[in-house]
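A.B. asks: Please find one structure pasted underneath; my questions will follow.
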Amino acid sequence: MNLVENRPYVESVYPYYSKAVQIEFGKEFKSARILGSNLENFFEDYNFEIEFGRNLKPNEKFGMVIGSKAAKDLFDKEIQVGSNLYIKEVKFKVVGILESVGNPDDDSQIYLPIDTIRNIFDAGEDVGFLDVLIVQGY
């Protein structure tokens, strides 16, 4: 990541740590894929709009933003901003719900801070893949 992000044509680099996990909401348990990354400018850079709530604040370790399909369909009861979900018995608060982008994978995604997820799963500095945004017109 360090080699890539220091190039003059690179605008942003997003490291990802993704994992299939069991999520608890109320008395239900469901399997879902979570995606950890640096989320401060993430949604703006990818033109995702937050329909309800907000993005995570800097250093907000136990918040999450979820896709519209995850909010409506993952559990029997619809997830709302302020709902608490548990991953490995760690409580996360839903702070934002994204507007649908029309892609079922993106609309089902659950976004969390990468460092929090790596800590919960003892993943050290693991990165599954990188997304590199290039300076426009370079």
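A.B. asks: Would you mind computing, in nm to one decimal, how far apart the modelled labels at LYS91 and ASN119 are, each placed 7 Å from Cα along Cα→Cβ?
C.D. replies: Distance between label points: 1.6 nm.
A.B. asks: Can I ask one more? Taking the structure as given and computing volume of the Cα convex hull per residue in Å³, which label from (1) 107; (2) 135; (3) 159 fits?
C.D. replies: (1)
A.B. asks: Taking 0.36 nm per intervening residue step and subtracting the Cα-Cα distance, what contour gain separates LYS61 from GLN80 on full extension?
C.D. replies: 5.0 nm
A.B. asks: With all protein chains present, how much of the accessible area of segment 45-104 (probe radius 1.4 Å) comes from carbon and sulfur, to the nearest whole percent?
C.D. replies: 46
A.B. asks: Follow-up question, since we're still on this one. Using unit Cβ charges (K, R positive; D, E negative) and no other charged atoms, how large, in debye to the nearest 20, is the dipole of the chain about its Cα centre?
C.D. replies: With only Lys, Arg, Asp and Glu charged at Cβ, the dipole is about 460 debye.
A.B. asks: How much solvent-accessible surface does SER37 expose, in Å² to the nearest 10, with a 1.4 Å probe and all protein chains in place?
C.D. replies: Surface open to solvent at SER37 totals about 0 Å².
A.B. asks: In the full protein assembly as shown, how much of LEU3 is accessible to a 1.4 Å probe, in Å² to the nearest 10?
C.D. replies: Using a 1.4 Å probe on the heavy atoms, I get roughly 140 Å².
A.B. asks: Leaving out ligands and nucleic acids, note down the accessible area per residue over the chain with a 1.4 angstrom probe, in whole Å².
C.D. replies: 59
A.B. asks: For ASP105, what accessible surface area do you get with a 1.4 Å probe? Give it in Å², rounded to 10.
C.D. replies: 120
A.B. asks: If you don't mind, another one. Under a 1.4 angstrom probe, counting protein chains only, how are LYS30, LYS57 ranked by accessible area, largest first?
C.D. replies: I get LYS57, LYS30, largest accessible area first.
A.B. asks: Using Cα-Cα distances under 8 Å and only pairs 6 or more residues apart, what relative contact order does the chain have, in percent? Each step should come with its number before you reach the end.
C.D. replies: Values: 271 pairs, mean separation 47.7, N = 138.
Taking the mean separation of contacting Cα pairs over the length of the chain, I get 35 percent.
A.B. asks: Rounded to two decimals, what is the ratio between the C-alpha radius of gyration of segment 1-71 and 2.2 N^0.38 Å?
C.D. replies: Cα Rg divided by the expected 2.2 N^0.38 Å: 1.32.
A.B. asks: Another question, then. Mind putting a number on the dipole of segment 48-106 about its Cα centre? Charges go on the C-beta only, +1 for Lys and Arg and -1 for Asp and Glu, and I need it in Debye to the nearest 20.
C.D. replies: 380
A.B. asks: Can you list residues whose amide H is under 5 Å from GLN109's amide H, if they're 5+ apart or on another chain and H is modeled 1.01 Å from N?
C.D. replies: GLY67, ALA70
A.B. asks: Calculate, in nm to one decimal, what ASP131 and ASN103 gain on full extension: separation in residues at 0.36 nm each, minus their alpha carbon distance.
C.D. replies: Details: separation 28, 0.36 × 28 = 10.08 nm, distance 1.81 nm.
That works out to 8.3 nm of additional length.
The values are calculated or read from the model by the stated rules, or taken from the named source; none is laboratory data. Note that the structure is a prediction, hence the values are computed from the model and not measured. Every residue, glycine among them, receives a Cβ derived from its backbone with ideal geometry; neighbour counts consider all protein chains shown. Please note that ligands, DNA and RNA were not included when accessible areas were found on the heavy atoms of the full protein model with its side chains. Shrake-Rupley method; radii C 1.70, N 1.55, O 1.52, S 1.80 Å.
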